[in-house]
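Written out below as structure tokens is the structure these notes cover.
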There are 2 protein chains.
Amino acid sequence: MTSIKDLARHLDISIGTVSRALNNKTDVSQETKSKVLKAAAELGYVPNQAGRSLSKGKTNVIGFVLETDSEGMMQGDLFFIRVFDGMQSVLTKRGLNLVALLSPSNVEPEAYLQQIVARRFTDALVLSSIHRNDARINFLNQQGMPFATLGRSLVDGGQPWLDLDFDGVVEDAIARLTQKGHRTIALALPRNDLNLRHIMIESYRKNIAKAGLQLDEDLMIRISPGDRAGVTLVHQLINMPQKPTAVIYSDHILPFGIYRGLADLGLTPGVDLSLIGVGTRLAAFLTPDLTYYRFNLFDLGVRIAEALLTIMDDPTAAEGRPVVRESVPFTFIEGQSIADLT
Amino acid sequence: MTSIKDLARHLDISIGTVSRALNNKTDVSQETKSKVLKAAAELGYVPNQAGRSLSKGKTNVIGFVLETDSEGMMQGDLFFIRVFDGMQSVLTKRGLNLVALLSPSNVEPEAYLQQIVARRFTDALVLSSIHRNDARINFLNQQGMPFATLGRSLVDGGQPWLDLDFDGVVEDAIARLTQKGHRTIALALPRNDLNLRHIMIESYRKNIAKAGLQLDEDLMIRISPGDRAGVTLVHQLINMPQKPTAVIYSDHILPFGIYRGLADLGLTPGVDLSLIGVGTRLAAFLTPDLTYYRFNLFDLGVRIAEALLTIMDDPTAAEGRPVVRESVPFTFIEGQSIADLT
């Protein structure tokens, strides 16, 4: 790699002159500038920030690792964009840039992360789509890369995390449904091994028991892949021997398929099947009104960025001092998608 | 900045040994490795890719510049994720990483781009949300940064571009609507100065004239900000002195608001108001079936990545040789959202 020093030596002029020539200062003659630029090109001098970041060890870039799984992406997209907005509002004030690192679906998540870390592409990372046993957490810890996670894992890296309160969603939903006389309540689960899936299962078992209902494992249904998941789910539910009167879910796109699936059969949401789960801004478009749980995703972005800055400012924070580890509460939005069976 | 040479001098061992120790090779003793790693930590040696990229002048990163305008983001999100999938499928084969560069809403798009370029963060860029007069195009040209645009501009940087055929959408929509007896056809326009907006206006004027209809400027309506744009639009339309029987649009989220707005008034899409425009996978959730134009966004991603690779492989391609500049055709999806008034 060619440095300014190398250029100066090669041209036999001072480092200061080379630097001023490269920066196009007025106190350097046009002739010298041309000579310097010619030599810079010949010797392969690249006057880039990479050099500066190397010396300071900083990139001023925060990476948000996003898995571009085309299957699940209908889920994540609208969701994360609001989180990004919130993060940006904090990071730009600190002169930090947010980039979304798109982990390709044909590359192992850990291998992708190794590449990112090896290249020292970012100062810190936020991981999403956290798995029950997420190897990425230990890896980042070993690498000394500051990071936070959106979601938690059985693997504890001492990192800050924020999680949406899916446990609370399932608990509140079961309480509301049983209060309205529902006794056969289905649970629609994410397909992959996200930690969220396990949280939902645990909460479902616990709260079905608490409500004095018999646990029926068949009511925990893994949703099918693709856009028609909600439509398929409707068919699954209405064909069960013990037909559920309600379904709880975590995927904010799913109710659109459920509404569509019901409409195709001449059935009405909140009458023929009750549904309640996590919703986003899109929920407001459904008729009849969806009953759902909303999270403030902008605020979630703000908080994850702040949690990350805390450990970046003080890397020892994770060792001893408390880091941010919180479940973000939901807001209940009353709609018309739950039938009163009492 | 501490180099391997500095470490070797400090430890009084050969550069080769230091390098092999840092790379954890088996022909170096554990003792030496520990000594080297300790010195590396003390002297602040950072074994990062920034150094390697500096010498090669390559980052192997392709940036997709995305504007995180929270207003418009309902529009862009689901849209771009599919484009990213397509791009990744091409880029990963070449060992290139795709990152989404999230241009913050409080920073001028050009200023943000200057920062990205100054940092030599990427080997090439793709710009989206192209404006009628887009200063970013000239800027990137001057900087010698290879780039392609998703959309075109009056500013021609000789760059490859791909654009969705919005001209064709408006033309086909007006033809279909007039054939079914519609004479008062509204056009819903994006709020900001995107080039797309101008393409739609031009196509509307041309094809309204071609259909032998009187041009009414009031029928070109700029959609209101926020999620309720579609709902608001319904109210605007039904309160016009010359009530339009149909509306054409480019925003794939808008029909959800229109359906909702009509439902609130007890009106039916395709009966009380006809609608046709650009749709995505979400369109399949609407009842009654939406009549819409679909673009293959994955394929769009593949093609923009390929167009970019062409000019990266041969930077002179833009000077003389043809670059990719194409309007991507739509697929018409027949639904029930257009009333037959004949």
query: When a footprinting reagent is the concern and you count Cβ atoms within 10 Å, what order do B:Glu334, A:Glu110 take, fewest first?
result: B:Glu334, A:Glu110
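Beyond 20 Å, what percent of the Cα pairs of region B:240-342 remain?
52 percent
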Residue pairs, from the table A:Lys5/B:Lys58; A:Lys93/B:Lys93; A:Lys210/A:Lys243, whose Cα atoms sit over 25 Å apart: A:Lys93/B:Lys93
- prompt: Taking Rh as the Kirkwood radius computed over C-alpha pairs, what is the Stokes-Einstein D of region B:166-295 at 4 °C in a medium of viscosity 1.567 mPa s, expressed in µm² per second?
  reply: 89 µm²/s
- line: Charge dipole of the protein assembly as shown built from unit charges on the beta carbon (Lys, Arg +1; Asp, Glu -1), centred at mean Cα; most positive-end Cα among A:Val155, B:Ser14, B:Leu254 is B:Ser14
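Take the Cα pairs of region B:130-195, get the Kirkwood Rh, then feed it into Stokes-Einstein at 20 °C and 1.002 mPa s and tell me D in µm²/s. Can you show the working numbers first?
Working: Rh = 14.1 Å.
Here the translational diffusion coefficient equals 152 µm²/s.
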task: Tell me what chain B gives for mean residue ellipticity at 222 nm when only DSSP H runs of n ≥ 4 count, each as -39,500 (n - 2.57), the sum divided by the residue total, rounded to 500 deg cm²/dmol.
output: -13000 deg cm²/dmol
- line: Summing +1 per Lys or Arg and -1 per Asp or Glu among the other residues with Cβ less than 11 Å from A:Phe330's Cβ gives -3
- request: Project the alpha carbons of chain B onto their principal axes and report the range along each, largest first, in whole Å.
  value: 91, 46, 33
- prompt: Across the Cα atoms of the protein assembly as shown, what radius of gyration and what greatest pairwise Cα-Cα distance (Dmax) are found, in Å?
  reply: 28.4, 93
message: If the elastic network links every pair of Cα atoms under 10 Å, which of A:Asp27, A:Asp272, A:Asp172 fluctuates the most in the Gaussian network model of chain A?
response: A:Asp27
- prompt: Out of residues 5 or more away from A:Arg325 or on other chains, whose amide H comes under 5 Å of its own, with H placed 1.01 Å from N in the peptide plane?
  reply: A:Trp161
task: Would you mind ranking B:Ile258, B:Ile185 by Cβ crowding within 10 Å, fewest neighbours first?
output: B:Ile185, B:Ile258
- prompt: Under a plain spin-label model, where a point goes 7 Å from the Cα along Cα-to-Cβ, how far apart in nm are A:Gln143 and B:Ala175?
  reply: 5.3 nm
message: 7 Å from Cα along Cα→Cβ at both A:Asp272 and A:Asp313: what's the point-to-point distance in nm?
response: 5.6 nm
- request: Compute the label-point distances linking B:Ser224 to its equivalents in the other copies; points lie 7 Å from Cα along Cα→Cβ; give nm, one decimal, shortest first.
  value: 4.0
message: Rounded to the nearest angstrom and ordered from largest down, what semi-axes does the equivalent ellipsoid of region B:102-215 get from its C-alpha gyration tensor (root of 5λ)?
response: 36, 13, 10
- prompt: Whose amide H sits under 5 Å from the amide H of B:Arg132, counting only residues 5 or more places off or on another chain, with H placed in the peptide plane?
  reply: B:Asn195
- prompt: What are the residues whose amide H is under 5 Å from the amide H of A:Met220, where those residues sit 5 or more places off or on another chain and H is modelled from the backbone?
  reply: A:Leu187
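Since every read-out is calculated from the coordinates, none of them should be taken as a lab result. Quick caveat, the model's predicted, so the values are computed rather than measured. Methodologically, a virtual Cβ is constructed for each residue, glycine included, from the backbone with ideal geometry; neighbour enumeration extends over all protein chains shown.
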